[in-house]
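I have placed the structure first, in the form of structure tokens, so that the comments after it can refer back to it.
The values are calculated or read from the model by the stated rules, or taken from the named source; none is laboratory data. All values reported here derive from a predicted model rather than from experimental measurement. Here the Cβ is made from the backbone with ideal geometry for all residues, glycine too, and neighbour counts use every protein chain on show. In case anyone asks, the SASA skips ligands and DNA or RNA and just uses the protein heavy atoms, side chains included. Shrake-Rupley method; radii C 1.70, N 1.55, O 1.52, S 1.80 Å.
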Amino acid sequence: MNDNLNDNDNFKLYSEIEKYEIINVNDGEKYAALSNNDVVIDDMGNMKFLILNENKSGLSFFNKSEFSEVPWQYVKKIGTRTIIVDFDDNDLKKV
């Protein structure tokens, strides 16, 4: 791996964070790992949105999944095992 990548403490690889759980500190809701959701990235490589799967049952074969578009500005911190977001459901676009 490039030595410059190791010099930046704020740098995280997607392969590392895809296993992180997403937690909303606004209501304590816990979402599945990032790998079970989606990230929208613009042409410049900037993360724009998280697309969160709202299916709580785990049986996606029988239930229609609902998704919420979470603007990246609501991502407050990427920790060692979690992604902390802070949003109210009324602020989100359902997709």
Accessible area of Lys94 in the full protein assembly, 1.4 Å probe (Å², nearest 10): 110 Å²
Under the Karplus curve 6.51 cos²θ - 1.76 cosθ + 1.60, θ = phi - 60°, whole-Hz ³J(HN,Hα) for the range 16-21, x wherever Gly or Pro sits: 7, 7, 5, 8, 6, 7
For Arg81 and Asp42, what does the FRET efficiency come to when R0 = 25 Å and r is the distance between their Cβ atoms, rounded to the nearest 0.05? 0.40
